[in-house]
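Enquirer: I have a structure I would like to understand better, so I am pasting it below and will then ask my questions one at a time.
Computed from the coordinates by the stated procedures, all read-outs in this text should not be read as laboratory data. What you are looking at is a predicted structure, and each value in this text was computed from that prediction instead of being measured. Neighbour counts are summed over all protein chains in view; Cβ atoms, including those assigned to glycine, are modelled from backbone coordinates with ideal geometry.
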Amino acid sequence: MQVMQQSVSAQRIAQRIEELAACSTTVRGVTRLSFTKESETANELVSQWMREAGMIVRRDELGNLIGRYEGTQPDAPALLIGSHLDSVVEAGKYDGILGVLSGIEVVQTLHEHQYRPRHPIEVIGFCDEEGTRFHTTLLGSKALSGDLRAEDLQAKDEQGITVAAAMQELGLEPSRYHLAARDPKTILGYIELHIEQGPVLEQEMQACGAVSGIAGAARYHFRVEGNAGHAGTVPISMRKDALVGTSEMILAMEKAAQKYQNLVVTVGKLSVAPGASNVIPGVVEGTLDIRHIEDQTKKMALADILEECRRILARRGLVGEFSQIMDSPAVACSQRFINEIETVLAESGMKPIQIVSGAGHDAMAVASITDIGMIFVRCRDGVSHHPDEFVTVADMQAGASVLLNVVLRLT
Ligand code: HGY
Ligand code: MN
Ligand code: MN
């Protein structure tokens with residue numbers, strides 16, 4: 001066992017990361033949206049690597065990719081290791097991918113040493129964590145946990161294509177999505193390795209850490225309607241400019257975020273209509289993303305923000321509506337898994353660091369049916385959701401070794 005514990009190959013992970021990064025619709029960064037040609041090419045590559053690692057590969061009814069490595073006791077509950085294969089727009093190469101490939105690397109190491117754990121191990125590549133294409137999120141992991149609803153598959157992309165239609169395009173049968181739900185009794189727990197996407201491990205000068213919990217996140221769509229008009233003839237005092245009103249709302253959101261410690265608020269998408277330089281904006285649509293590790297704080301801040309937006313809209317004679325897209329509560333990682341991860345960190349000569357994740361992860365959804373644990377790996381300057389996202393091979397090695405040793409302790 002000792003030999004095996006040091007023999008994961010970060011080189012193999014690094015090389016596979018480069019191959020997967022090519023499955024992208026953009027040259028700048030990686031753009032791999034769910035249920036697309038690019039995601040199918042990525043699934044092909046990952047399936048091949050899972051088979052090389054001695055796993056039986058299947059896709060579940062939502063399209064998640066699942067590799068299974070049998071243990072000595074096939075009917076024992078399986079340890080799930082997973083993360084996502086989709087990306088945001090012009091993303092880095094490591095977000096989600098590092099977790100799936102590190103899971104495959106761990107199983108491949110067991111396989112190459114003809115080692116069979118007692119419990120089966122499943123590595124899962126979730127199909128739609130980011131929700132970039134359909135403005136959903138955690139579709140794949142919610143299907144696995146049984147929390148997906150039929151209406152979630154009616155979400156539309158910019159071309160008006162629903163999730164269900166995109167699935168059918170790929171030969172999936174959306175009406176069978178509920179069959180992807182797993183029986184909690186067949187699961188030992190879920191471990192996700194992920195880049196930190198933050199500054200703590202760099203500040204602590206350490207490659208890995210344990211995650212204590214994941215902040216809750218709520219996403220809204222908003223629409224503000226005023227009066228379009230001639231940019232040259234309508235006096236400022238008579239205008240109902242939807243973009244100026246929205247701008248005041250966004251500054252009010254930022255102000256609210258400053259009032260609540262550790263609250264983050266982001267308007268990431270904004271569209272202006274009719275969208276001509278000599279026409280006063282009549283309609284503005286956008287998205288609001290709000291997060292906090294305490295659900296109560298997030299709820300209070302949201303109430304403040306919506307109240308202030310209502311005041312701004314009324315004063316400006318604008319009509320506005322906010323519709324909720326999703327609201328995932330904060331989740332705590334299992335103390336048992338945190339202890340296992342911290343024990344392995346200490347055995348590897350690292351400090352037992354615990355980090356709260358501001359970013360959302362598939363683990364949030366899986367937490368509704370089993371214990372979750374997360375291992376963070378340092379990324380340069382904490383940069384993520386950006387082409388400059390970067391992880392050293394040495395840190396990938398450290399992450400995969402920690403994951404291997406945690407898996408050996410659990411299975
Ligand atoms: O938005 C997030 O936190 C994650 O990257 N989906
Ligand atoms: Mn992400
Ligand atoms: Mn991610």
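Enquirer: With just the Cα atoms defining each centre, how far is the range 339-398 from the range 42-119? Give it in Å.
Expert: Rounded to whole Å, the Cα centres lie 17 Å apart.
Enquirer: Further question on the same structure: Give the order of R28, R68, R116 when sorted by the count of other beta carbons within 10 angstrom, beginning with the fewest. List each step's numbers first, then the result.
Expert: Details: R28 9, R68 20, R116 17.
Neighbour counts put them in this order, fewest first: R28, R116, R68.
Enquirer: Springs between alpha-carbon atoms under 10 Å, Gaussian network over the chain: tell me which of C379, C208, C23 tops the mean-square fluctuations.
Expert: C23
Enquirer: Now for a different question. For the range 214-225, what does the Karplus curve 6.51 cos²θ - 1.76 cosθ + 1.60, with θ = phi - 60°, yield as ³J(HN,Hα) per residue in whole Hz, taken in order and with x for Gly and Pro?
Expert: Computed from phi, the couplings for the range 214-225 are 10, 4, x, 9, 10, 10, 10, 9, 10, 9, 10, 10 Hz.
Enquirer: Still on this structure: Just for the Cα atoms in the range 79-204, what are the lengths along the principal axes, largest first, rounded to whole Å?
Expert: 48, 39, 23
Enquirer: Lys/Arg Cβ at +1, Asp/Glu Cβ at -1, dipole of the chain taken about the Cα centre: which of I236, V406, I375 is farthest positive-ward?
Expert: In the chain, that residue is I236.
Enquirer: Still on this structure, please answer the following. Restricting to Cα pairs below 8 Å that are 6+ residues apart, what does the relative contact order work out to for the range 217-328? Please round to a whole percent.
Expert: Working: 202 pairs, mean separation 51.1, N = 112.
For the range 217-328, the relative contact order is 46 percent.
Enquirer: Report the relative contact order of the range 312-411, percent, no decimals, based on alpha-carbon pairs under 8 angstrom and at least 6 residues apart.
Expert: Working: 57 pairs, mean separation 27.0, N = 100.
With pairs under 8 Å counted, the relative contact order is 27 percent.
Enquirer: Which whole-number percent gives the relative contact order of the chain, counting Cα pairs below 8 Å spaced six or more residues apart? Present the calculation step by step, with values, prior to reporting the outcome.
Expert: On the way: 907 pairs, mean separation 93.1, N = 411.
Rounded, it is 23 percent for the chain.
Enquirer: Tell me the label-point distance for the pair E90, R28, using the 7 Å Cα-to-Cβ offset, in nm and rounded to one decimal.
Expert: Here the answer is 0.3 nm between the modelled labels.
Enquirer: Rank the residues F376, F134 as a footprinting-exposure proxy: fewest other Cβ atoms within 10 Å of their Cβ go first. Could the numbers behind the result be given before it?
Expert: Values: F376 28, F134 23.
Ascending Cβ contact count within 10 Å gives the list F134, F376.
Enquirer: Let me ask another. If the viscosity is 0.692 mPa s and the temperature 37 °C, what translational diffusion coefficient in µm²/s does Stokes-Einstein give for the chain when Rh comes from Kirkwood over Cα pairs? It would help to have the intermediate numbers written out before the result.
Expert: Numbers: Rh = 22.3 Å.
Translational D for this selection: 147 µm²/s.
Enquirer: Related question: In a Gaussian network model over the chain where Cα atoms closer than 10 Å are linked, find which of M300, M238, M55 has the largest mean-square fluctuation.
Expert: M238
Enquirer: Further question on the same structure: In square nanometres, what is the average projected area of the Cα convex hull of the range 68-110? Please list the in-between numbers first.
Expert: Details: hull surface 14.1 nm².
Orientation-averaged projected area of the Cα hull: 3.5 nm².
Enquirer: Let me see the pair-distance distribution of the range 139-224: every alpha carbon pair, 5 Å bin width, integer percents in order.
Expert: Using 5 Å bins, I get a P(r) of 3, 10, 14, 16, 13, 15, 13, 9, 5, 1 for the range 139-224.
Enquirer: Can you give the Kirkwood hydrodynamic radius for the range 217-328, in Å, rounded to one decimal and based on Cα pairs? Could you put the intermediate results ahead of the total?
Expert: Details: mean 1/r = 0.0689 Å⁻¹.
One over the average 1/r among Cα pairs gives 14.5 Å for the range 217-328.
Enquirer: Within the range 97-201, which GluC sites (Glu not before Pro) sit in a loop by DSSP and count at most 10 neighbouring Cβ atoms inside 10 Å?
Expert: E158
Enquirer: Hey, got the dipole for the range 130-263? About the Cα centre, +1 on K and R Cβ, -1 on D and E Cβ, debye to the nearest 20? Walk me through the numbers before you get to the answer.
Expert: Working: 13 positive and 17 negative charges, 90 e Å.
Here the size comes out at about 440 debye.
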